[in-house]
Amino acid sequence: MDPVEGCGSPRGRCPWARFSSWLECACVVTFDLELGQAIELVYPQDVKLTEKEKTSICYLSFPDSYSGCLGDTQFSFRLRHSVGRRGSKVREDVYNRDAPPTLQTETAHFFGYVYFRQVKDISVKRGYFQKVSFLFSCTHLFTFPHLINQVIPVFQSLVLVSRLPYTHLFHSLLQIIAPEFFEKLEPCLEAVCNGIDQWPSPVPGLTLNLPVMGVVLQVRIPSKTDKPGGSPVRQTAKENLLPAPTLLPTIHELDLFKCFQSVLVHLQMFWELMLLGEPLVIMAPSPTVSSETVLALVSSISPLKFCCDFRPYFTIHDSEFKEYTTRTQAPPNVVLGVTNPFFIKTFQNWPHVIRLGETKMAGDLPKQVKVKKLSKLKSLDTKPGIYTAFKTFLHKDKILIKRLLKGIQRKRPSEVQSAILRRHLLELTHSFIIPLERYMASLMPLQRSVTPWKTPPQVRPFSQDEFMSTLDHTGPQLTSVLKGDWIGLYRKFFRSPNFDGWYRHRHKEMTQKLESLHLEVICDADLVSWTKDKSEVEIVDLVLKLREKLVKGRRLQLKDEALDKLDSFINSTITSLPGDLQRVLSAR
């Protein structure tokens, strides 16, 4: 059964439950210089937005005045939601259990996917009017003094906000609905939201058909059991869909080559900075370049989850601005994408700053950004460059760079270049993480040590020195051709939030595996014989503990036959006890 069904509503499920499994809400907002901002329409109507969330999303939904974005622009943002806000924990746990770590739902942040349009409006004589419509939130205050007493543009944004990092899917959805939405507004928004509320919930491993505005998007939700490289969407022959589905080959992947083409020679540096969770600022000419670059960098260490904070588009109005720009302490482990030149002065104390310009061609090749000293990051007209003193632990892969540059000269399609890049980064991350996975597996107790009458054994503690001693025989040199200081890279990785996040996740998985094994041996044990010579107190204690195990077993998805056997034993044991004890246990 669909996780959202069976809630007792007229349709047999919770209203907006399927919608909320994809998006948070939808609303239309207006802004006037004299009247201020106001939300005209919200879907679902019972969604509560805090003032802090409203204000944050207002600013993040528009390019700042320095970006010069004309026409239609798409970009992404990520913001911290208010303390105390909760999603559907049951639904999220079910989804996260089978989703890859990099595609699990956000527990403390929202993603915003923006379609921004700027058009001139001669009906506005003075001041400035913005009508902002977007899925999830509200509008934003902007001032462009140079526009006063001129023909005023109307700025409109359609934004999808979700806990899911489905970048490609949501931007593809925006390209379908935004053009018609800007014409029809409320009726279109209502129809789209009701349509999304009919979608099946995202389930890892399944291929889904998602109808919207006469188009059917066919997507496959990745599963953590997928082989490296992903599984392409295949059209299902059993369904006779009209119109024919539009197949999206991915729900989350970006055009890596497009994002990295001006910094190809520095790929190794970027991969190491991301792996180590170093503080990094991307200064870009537009929110599009800013957000795509940040998201591409974060995805470069996949399948390892980036466990630091990251903001694809960050403004001076962000609620975390003071937190991230204080000079009284070291910069936090966060990747920020910005467009306002004001940040050049603000982030002069940061160890790594990348200033990107518009991509320029030097002959047939994109001009490569150069590494420069941090001391040269001074003025607003600072030239594009990578301002850092970071020295890579590993040597760059010159063969890869030559292959990609030659691909540009031969006009190799961008998607092919991106596939080459993605495969290289995936193999590099696998080479680094496989020795860690192999060592972690050695910390797991032997299965024969798990018995029904004892508490399950614990996972042995992780020893950095012991791990280092294994690298001579099982290190990354077995699968990677790159030379360099792998030992030094591991030592610094151990001090990063990415190691902490990876270790906590793997330790939790292994602990749950031990609990599952323990439950299995309990279900197979001869519990009836064990109770024959036991006192009533001991039997009651056993029943209470087995009940706890039964609940945990269902959460861990143990086989139904084993759980039914355990449930049957508990019930039969209770009926064998005196009436007063039966009543006490039945009441619990």
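The values are calculated or read from the model by the stated rules, or taken from the named source; none is laboratory data. What you see is a predicted model, and the numbers here were worked out from it, not measured in a lab. As a convention, Cβ positions derive from the backbone with ideal geometry for all residues, glycine included, and neighbour counts pool all protein chains shown. For the accessible areas, the whole protein counts, side chains as well, though only heavy atoms, and no ligand, DNA or RNA atoms are used. Shrake-Rupley method; radii C 1.70, N 1.55, O 1.52, S 1.80 Å.
The string of couplings for the stretch 189-201 from the Karplus curve (6.51, -1.76, 1.60, θ = phi - 60°) is 4, 4, 5, 5, 5, 5, x, 5, 5, 9, 5, x, 5 Hz, one whole number per residue in order, with x for Gly and Pro. In the assembled protein chains, Met213 presents an accessible area of approximately 70 Å² (probe radius 1.4 Å).
In order along the stretch 549-565, the Karplus-derived 3J(HN,Hα) couplings, from 6.51 cos²θ - 1.76 cosθ + 1.60 at θ = phi - 60°, round to 5, 5, 4, 5, x, 5, 5, 7, 6, 6, 4, 4, 4, 5, 5, 5, 4 Hz, and Gly and Pro are given as x. With 19 Å as the limit on Cα-Cα distance, the pairs of Lys367/Lys402; Lys48/Lys305; Lys224/Lys508; Lys370/Lys402 that go past it are Lys48/Lys305. The eigenvalues of the Cα gyration tensor, multiplied by 5 and square-rooted, give the stretch 352-509 an equivalent ellipsoid with semi-axes of 41, 20, 15 Å from largest to smallest. In this rough spin-label picture, where each label sits 7 Å from Cα along the Cβ direction, the Ser449-Val216 distance is 5.4 nm. In terms of the mean number of neighbouring beta-carbon atoms within 10 Å, the peptides 350-359, 533-542 order highest first as 350-359, 533-542. Straight-distance candidates among the aspartates and glutamates for linking to Lys411, with alpha-carbon spacing under 16 Å and chain neighbours fewer than 8 residues away dropped: Asp255, Asp364. Applying 0.36 nm per residue to the separation of Thr479 and Arg327 and subtracting their alpha-carbon distance, the gain on full extension is 50.5 nm.
Separation of the stretch 326-370 from the stretch 261-309 is 11 Å, based on Cα centroids. Restriction of the trypsin sites (Lys or Arg not before Pro) in the stretch 400-464 to DSSP coil positions whose beta-carbon has at most 12 other beta-carbons within 10 angstrom yields Arg410, Lys411, Lys454. Label-to-label distance, Asn194 versus Phe342, with points set 7 angstrom from Cα along the beta-carbon direction: 4.3 nm. Taking each residue as 0.36 nm, the span from Thr575 to Arg504 lengthens on full extension beyond its C-alpha to C-alpha distance by 21.3 nm. Built from the Cα atoms of the stretch 256-397, the convex hull projects on average onto 8.6 nm², one quarter of its surface area. Across the stretch 178-183, rounded Karplus estimates of 3J(HN,Hα) from the backbone phi angles (6.51 cos²θ - 1.76 cosθ + 1.60, θ = phi - 60°) give 4, x, 6, 4, 5, 8 Hz, Gly and Pro being marked x.
Past 25 Å, Cα to Cα: identify those pairs from Lys227/Lys454; Lys454/Lys565; Lys454/Lys549, in the order given. Violating the 25 Å limit, Cα to Cα: Lys227/Lys454. The label-point distance for Glu536 and Arg423, in a model that sets each label 7 Å from Cα toward Cβ, rounds to 7.2 nm.
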